[in-house]
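Q: My questions all concern the structure below.
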Amino acid sequence: MAVSDPFHLAVQVRDIDEARRFYGDFLGCPEGRSSESWVDFDLFGHQFVCHLNPALKDTAVASHKNPVDGHGVPVPHFGVVLEMTAWQALADKLRAHDVAFEIEPYVRFKGEPGEQATMFFYDPSGNALEFKAFKDRETQLFKKA
């Protein structure tokens, strides 16, 4: 997927090979440059880098939860706004592989300008991910009431 202005995001992980299996093999993100302590991925057209933090070997990345639409949303989190069909395919894949959701796939803000399909889950190092979709991404992504 070509993005006109891709973002760059770097996160810490407990194991580079584990990150390769999750982001590369499971989520299907092509791998770019790497070393023993970091690896680049193409996350839907964005440059996403996993940096090894050996201190995480026996623990997970810390986060807290913020209330949104009756759910505890993990913060920090990151993800991608997908087209609805791609979002549904990802939700189906995650369910088929018994991925534990922090927030199960659902539509939030129903009937409001920000109505969106969303889901939250964690990578093996505890980084929170949100993938979402809108019926019409171009008009709804930043729409106010």
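Q: Can you tell me which residues in the range 66-77 are exposed (fewer than 15 other Cβ atoms within 10 Å of the Cβ) and on the phi < 0 side of the Ramachandran plot?
A: The answer is ASN66, PRO67, VAL68, GLY72, VAL75, PRO76.
Q: Something else now. Considering every residue within the range 98-115, establish whether at least one is of a type in the set (Gly, Ala, Ser), outside any loop (DSSP other than H, G, I, E, B) and either at pLDDT 95 or above or over 23 Å from PHE7 (Cβ atoms) (or both).
A: Within the range 98-115, none of the residues are of a type in the set (Gly, Ala, Ser), outside any loop (DSSP other than H, G, I, E, B) and either at pLDDT 95 or above or over 23 Å from PHE7 (Cβ atoms) (or both).
Q: Please find, within the range 25-34, the residue that is most open to solvent (accessible area, probe 1.4 Å) out of those that are closer than 26 Å to ASP98 by Cα and more than 13 Å from the chain's Cα centre (by Cα).
A: ASP25
Q: Name the residues in the range 117-141 that are crowded, with 19+ Cβ neighbours inside 10 Å and either modelled with pLDDT under 95 or part of a loop (DSSP other than H, G, I, E, B) (or both), would you?
A: ASP123, SER125, ASN127, PHE134 - these are the residues of the range 117-141 that are crowded, with 19+ Cβ neighbours inside 10 Å and either modelled with pLDDT under 95 or part of a loop (DSSP other than H, G, I, E, B) (or both).
Q: Within the range 35-58, which residues are open to solvent by less than 50 Å² (accessible area, probe 1.4 Å) and assigned to a loop (DSSP other than H, G, I, E, B)?
A: SER35, GLY45, ASN53
Q: Follow-up question, since we're still on this one. Being more than 13 Å from the chain's Cα centre (by Cα) and of a type in the set (Lys, Arg): is that true of LYS132 here?
A: It is false that LYS132 is more than 13 Å from the chain's Cα centre (by Cα) and of a type in the set (Lys, Arg).
Q: Which of (1) open to solvent by 70 Å² or more (accessible area, probe 1.4 Å); (2) without any contact (Cβ under 8 Å) to a residue 40 or more places away in the chain is the odd one out, the single condition HIS97 does not satisfy?
A: Against the list (1) open to solvent by 70 Å² or more (accessible area, probe 1.4 Å); (2) without any contact (Cβ under 8 Å) to a residue 40 or more places away in the chain, HIS97 comes up short only on (2).
Q: Take PRO105 and decide whether it is exposed (fewer than 14 other Cβ atoms within 10 Å of the Cβ) and out of contact with any Gly (no Cβ under 9 Å at 6 or more places or on another chain).
A: No, not satisfied.
The values are calculated or read from the model by the stated rules, or taken from the named source; none is laboratory data. Not measured: the values here are computed from a predicted model. Here the Cβ is made from the backbone with ideal geometry for all residues, glycine too, and neighbour counts use every protein chain on show. SASA here: full protein model, heavy atoms, side chains in, ligands and nucleic acids out. Shrake-Rupley method; radii C 1.70, N 1.55, O 1.52, S 1.80 Å.
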